[in-house]
Amino acid sequence: MTGWQTLLYKEVLRFWKVSFQTIAAPVLTAVLYMLIFGHVLEDHVQVFEQVSYTAFLVPGLVMMSVLQNAFANSSSSLIQSKIMGNLVFLLLTPLSHRSWFVAYVGSSMVRGLAVGLGVFAVTAWFGRPSYAAPLWIIAFALMGAALMGALGLIAGLWAEKFDQLAGFQNFIIMPMTFLSGVFYSIHSLPAVWQTISHLNPFFYMIDGFRYGFFGASDVSPWLSLAVVASALAGVAALALHLLRTGYKIRN
């Protein structure tokens with residue numbers, strides 16, 4: 001294997017060796033969300049015509065799991081390597097910053113998509129969604145996982161201890177994820193919150209992903225695609241720049 005392939009393989013093995021924690025645990029969490037919200041709101045909420053609320057929840061929970069775990073993979077790997085001191089062994093290799101980016105983001109995509117498939121396999125039994133546009137499903141799943149993997153890379157480079165990384169995740173990633181329309185349609189919100197939701201890139205990832213299942217969404221899927229693609233390009237460019245300059249990893 002080449003250098004970036006070896007690093008990618010190492011990063012995939014890192015989370016796969018503890019798959020009970022990195023794969024099974026997020027799937028269980030999503031199932032609990034499905035049981036609680038689906039049971040409580042099934043008879044009280046209907047977002048799209050002829051789509052049950054339980055079926056509406058499935059794509060949102062799948063995409064939420066993909067995003068959260070893709071971010072967690074790259075960010076946790078970098079911060080652990082920095083604190084434990086083994087990052088120096090990577091710095092001694094002739095790997096370019098592009099190789100680092102491909103390996104860390106690629107492994108994050110693998111973990112995010114693996115968790116997403118596990119969540120879908122379990123939650124689809126509660127409310128079977130349709131597949132109106134499968135290509136949209138694939139496109140948003142891949143771009144969303146890549147975007148969050150790159151964002152996790154930035155967070156891991158920036159953070160110097162676990163507390164800082166936890167703050168980034170708890171005060172930025174979690175609120176933006178839960179306020180992105182996973183459990184509701186933004187049309188049910190007051191006007192001011194609809195406006196705020198349109199500023200959240202996570203909303204476009206989940207709304208576009210959901211469109212692939214039902215052929216219906218809160219905004220145009222093309223708009224969602226443009227927003228997500230632009231966000232991915234910007235975050236990836238920043239992550240590559242930080243890696244190239246050795247931000248907080250080279251003295």
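Could you check, for segment 44-51, whether at least one of its residues is closer than 23 Å to PRO175 by Cβ and modelled with pLDDT under 85? Please lay out each step first, then the result.
Our first condition is that a residue be closer than 23 Å to PRO175 by Cβ; within segment 44-51, this holds for 45, 47.
Cutting the leftovers down to modelled with pLDDT under 85 gives us 45, 47.
So far as segment 44-51 goes, yes, one or more of its residues are closer than 23 Å to PRO175 by Cβ and modelled with pLDDT under 85.
A quick yes/no check of all residues on (1) within 22 Å of ALA239 (Cβ to Cβ); (2) touching a residue at least 40 places away in the same chain (Cβ under 8 Å); (3) over 14 Å from the mean Cα position of the chain (by Cα):
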residue: PHE101; (1), (2), (3): yes, yes, yes
residue: LEU113; (1), (2), (3): yes, yes, no
residue: VAL119; (1), (2), (3): no, yes, no
residue: PRO129; (1), (2), (3): no, yes, yes
residue: GLY152; (1), (2), (3): yes, yes, no
residue: LYS161; (1), (2), (3): yes, yes, yes
residue: ASN170; (1), (2), (3): yes, no, yes
residue: TYR204; (1), (2), (3): yes, no, no
When restricted to VAL115, VAL58, the only residue modelled with pLDDT of 95 or more and under 20 Å from THR177 (Cβ atoms) is VAL115
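Looking for whichever is in contact with a helix residue (DSSP H, G or I) (Cβ under 6 Å, 6 or more places away or on another chain) and over 19 Å from THR29 (Cα atoms) here; the options are PHE89, PHE101. Which one fits? Walk me through how you get there before you give the answer.
On the way: PHE89 fails: in contact with a helix residue (DSSP H, G or I) (Cβ under 6 Å, 6 or more places away or on another chain).
None of the other options fit; the residue is PHE101.
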Exercise. Is it true that some residue in segment 30-44 is under 19 Å from ILE154 (Cα atoms) and assigned to a loop (DSSP other than H, G, I, E, B)?
Worked result: no
The residue from TYR204, TYR211 that alone is buried (at least 20 other Cβ atoms within 10 Å of the Cβ), at pLDDT 90 or above and more than 28 Å from TRP100 (Cα to Cα) is TYR211
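Tally up the residues in segment 166-197 that are part of a helix (DSSP H, G or I) and in contact with a Pro (Cβ under 9 Å, 6 or more places away or on another chain), please.
We begin by selecting, within segment 166-197, every residue part of a helix (DSSP H, G or I); these are 166-178, 186-188, 191-197.
Of the ones still in play, those that are also in contact with a Pro (Cβ under 9 Å, 6 or more places away or on another chain) are 176.
Result for segment 166-197: 1.
Give the residue, chosen from MET109, MET148, that is in a helix (DSSP H, G or I), touching a Gly at 6+ places or on another chain (Cβ under 6 Å) and within 30 Å of THR6 (Cα to Cα).
Numbers: MET148 fails: touching a Gly at 6+ places or on another chain (Cβ under 6 Å).
Just a single option satisfies the conditions, and that option is MET109.
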Checking ALA239, ALA233 in turn, the sole residue that is without any contact (Cβ under 8 Å) to a residue 12 or more places away in the chain and aliphatic (A, V, I, L, M) turns out to be ALA233
Filtering segment 151-165 down to residues that are among the charged types (D, E, K, R) and not in a helix (DSSP H, G or I) yields GLU160, LYS161
Residue hits (segment 6-27; under 17 Å from the mean Cα position of the chain (by Cα) and either of a type in the set (A, V, I, L, M) or not in a helix (DSSP H, G or I) (or both)) are VAL12, ILE23, ALA24, ALA25, VAL27
Residues in segment 112-135 that are surrounded by fewer than 21 Cβ atoms within 10 Å (Cβ to Cβ) and assigned to a loop (DSSP other than H, G, I, E, B) total 9
For segment 172-187, pairs from a residue that is closer than 13 Å to SER65 by Cα to a residue that is part of a helix (DSSP H, G or I) and of a type in the set (Asp, Glu), with Cβ under 6 Å and 6 or more apart or across chains, are none
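Quick grid of which residues meet (1) closer than 15 Å to LYS248 by Cβ; (2) surrounded by fewer than 17 Cβ atoms within 10 Å (Cβ to Cβ):
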site: VAL51; (1), (2): no, no
site: LEU61; (1), (2): no, no
site: VAL66; (1), (2): no, no
site: PHE71; (1), (2): no, no
site: SER75; (1), (2): yes, no
site: LEU78; (1), (2): yes, no
site: PHE89; (1), (2): no, yes
Counting only residues in segment 172-185 that are closer than 18 Å to VAL62 by Cα and hydrophobic (A, V, I, L, M, F, W, C), the one farthest from the chain's Cα centre (by Cα) is identified as PHE183
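In segment 11-21, which residue that is among the charged types (D, E, K, R) and more than 9 Å from SER107 (Cα to Cα) is surrounded by the fewest Cβ atoms within 10 Å (Cβ to Cβ)? Talk me through it step by step, then tell me what you get.
Of segment 11-21, the ones among the charged types (D, E, K, R) are 11, 14, 17.
From what's left, more than 9 Å from SER107 (Cα to Cα): 14, 17.
On the way: ARG14: 17, LYS17: 10.
Among those residues, the one meeting the criterion is LYS17.
The values are calculated or read from the model by the stated rules, or taken from the named source; none is laboratory data. For clarity, every value in this text was computed on a predicted model and none was experimentally measured. All Cβ positions, glycine included, derive from the backbone under ideal geometry; neighbour counts span all protein chains shown.
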